[in-house]
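Only one structure is covered here, and it is reproduced in the block below.
The values are calculated or read from the model by the stated rules, or taken from the named source; none is laboratory data. Since the structure is predicted, the reported quantities are computational estimates derived from the model, not experimental observations. All Cβ positions, even for glycine, are placed from backbone atoms using ideal geometry, and neighbour counts span all protein chains on display.
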Amino acid sequence: MRTMRAAVLRDFSLGLQLEDLPIPEPKPNQVLVRILASGICHTDLHAINGSWHKKPVLPLIPGHEGVGIIQALGSKVTGFYLDQKVIIPWVGRTCRTCSYCSSGKENYCDRQFNTGYVIPGTHAEYTTADFRYILPLPNDMDPVQAAPLACAGLTAFETIKQLRSKENQTLLIMGMGGVGHLAIQYAKEFFTRIIAIDPSELRIDQAKVFGAEIYSPEQWLALNSKPLVDAVAVFASDPKAVTDSIKVLRNGGTLALVGLGKNKELTLPWFELVTRGIHILGSHVGPISTLKEVVEYHHLGKANVLVETKPLADIRIAMADLAAGKNNSPRIVLVP
Ligand SMILES: [Zn+2]
Ligand SMILES: [Zn+2]
């Protein structure tokens, strides 16, 4: 039997273990993919810690930012071929019949199976994926650059798509990690002024090249006259980032909540939100149609992911670095 290395979570108390498992057989609607790169997302940390109220299905191979090469095709697969480069996202399979699935909003389907959370993910040498939820990648795209587009890029692009309108000219971005540093680059075309806040000096230095006005929370607090912004995108997981940002949002402005913290609840200023006519929107990853747009955007060289690579064998170290905020680049990508 041919085997593969995979990072497996069997018990929350044990954490991830590297194991040799049989290479899976693709079901009729699946392709077998040899993974070339697999990005680590904060959701992976929540998965292995079981920190969300909706727990992952164990045993679990996490990872939902995969790029790889098709090695085998299920009997019902159409439109894909052997040796094709593909990208595998978080939304791994949905019901295909509800109103969300029928209107291109399958990322809000109530019966979805998420890659690396409910179904096996991409932190392995091989995985299987439903062909209706993956995309082909141009051959000349670097797998390490492309992998984070499956979640970080998609999430940032979808958020900016929702916020870009004529009335929204000034944008405040809270948090410049994997998602936030991409959002700055996608927002450039649509906003006349972008302000970004992050507590990390390293992230501030790294994001300077993207042309936003960047502050640490202390510098921001010390500003005598803060500009009012038309829209805010909160990618940070600190509830304070949400409440602080509302203070500089103009009346009638839009607050996009994207990052998720450990807490299930968030306390908001009820009176202020009502009397100032603030719009709140939640945004969760994005549909496959947006993933297509993100891939094209990067293929045209219009944005760049700040990444560092680690071997799959070092996944525990990589996860610990991410948990401690010690990753040098906003995104860590595992290479089998
Ligand atoms: Zn993710
Ligand atoms: Zn559905």
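Among the residues of the range 62-82, is there at least one that is away from ligand 1 (no atom under 15 Å from the Cβ), free of Cβ contacts under 8 Å to residues at least 24 places away in the same chain, more than 20 Å from the chain's Cα centre (by Cα) and surrounded by fewer than 18 Cβ atoms within 10 Å (Cβ to Cβ)? Checking the range 62-82: at least one residue is away from ligand 1 (no atom under 15 Å from the Cβ), free of Cβ contacts under 8 Å to residues at least 24 places away in the same chain, more than 20 Å from the chain's Cα centre (by Cα) and surrounded by fewer than 18 Cβ atoms within 10 Å (Cβ to Cβ). Residue count for the range 259-270, restricted to those that are of a type in the set (A, V, I, L, M) and in a helix (DSSP H, G or I): 0. Condition first: touching a Pro at 6+ places or on another chain (Cβ under 6 Å) and away from ligand 1 (no atom under 16 Å from the Cβ). Now tell me which residues in the range 107-138 satisfy that. The answer is Glu125, Thr128.
When you scan the range 121-131, do you find a residue that is modelled with pLDDT of 95 or more, under 15 Å from the mean Cα position of the chain (by Cα) and under 22 Å from Ala183 (Cα atoms), even just one? No: the range 121-131 contains no residue that is modelled with pLDDT of 95 or more, under 15 Å from the mean Cα position of the chain (by Cα) and under 22 Å from Ala183 (Cα atoms).
Residue count for the range 1-48 under the criterion of being assigned to a loop (DSSP other than H, G, I, E, B) and over 17 Å from Val335 (Cα atoms): the result is 15. Restricting attention to the range 138-151, the residues that are in contact with a helix residue (DSSP H, G or I) (Cβ under 6 Å, 6 or more places away or on another chain) and either within 22 Å of Lys76 (Cβ to Cβ) or part of a helix (DSSP H, G or I) (or both) add up to 1. Of the strands (runs of 3 or more DSSP E) contained entirely in the range 169-221, those carrying at least 1 residues that are without any contact (Cβ under 8 Å) to a residue 24 or more places away in the chain, over 14 Å from Asp238 (Cβ atoms) and not β-branched (Val, Ile, Thr) fall at 213-215.
Could you tell me which of the residues Ala256, Ala323, Ala241 is touching a Gly at 6+ places or on another chain (Cβ under 9 Å) and at pLDDT below 95? Residue meeting the stated conditions: Ala241. Can you report the number of residues in the range 31-59 which are buried (at least 24 other Cβ atoms within 10 Å of the Cβ) and farther than 27 Å from Leu306 by Cα? Final tally of qualifying residues: 1.
Per the listing Ala241, Ala256, the residue uniquely touching a residue at least 60 places away in the same chain (Cβ under 8 Å) and part of a strand (DSSP E or B) is Ala256. Could you tell me which residue of the range 13-30 is farthest from ligand 2 (Cβ to nearest atom), considering only residues that are surrounded by fewer than 21 Cβ atoms within 10 Å (Cβ to Cβ), among the hydrophobic types (A, V, I, L, M, F, W, C) and at pLDDT 95 or above? Selected residue: Leu18. The number of residues in the range 293-325 being over 18 Å from Leu182 (Cα atoms) and in a helix (DSSP H, G or I) comes to 11. Considering Asp142, Asp130, the condition of being over 26 Å from Asn251 (Cα atoms) and within 16 Å of ligand 2 (Cβ to nearest atom) is satisfied by Asp130 alone.
I'd like to check something: does the range 144-158 contain any residue that is modelled with pLDDT of 95 or more, away from ligand 1 (no atom under 16 Å from the Cβ) and either surrounded by fewer than 20 Cβ atoms within 10 Å (Cβ to Cβ) or not β-branched (Val, Ile, Thr) (or both)? Yes, that holds for at least one residue. For the range 52-61, the count of residues that are out of contact with any strand residue (DSSP E or B) (no Cβ under 9 Å at 6 or more places or on another chain), on the phi > 0 side of the Ramachandran plot and in a loop (DSSP other than H, G, I, E, B) is zero. Across the range 90-122, the qualifying residues are those that are outside any loop (DSSP other than H, G, I, E, B) and small (Gly, Ala, Ser), and the one among them that is farthest from ligand 2 (Cβ to nearest atom) is Gly92.
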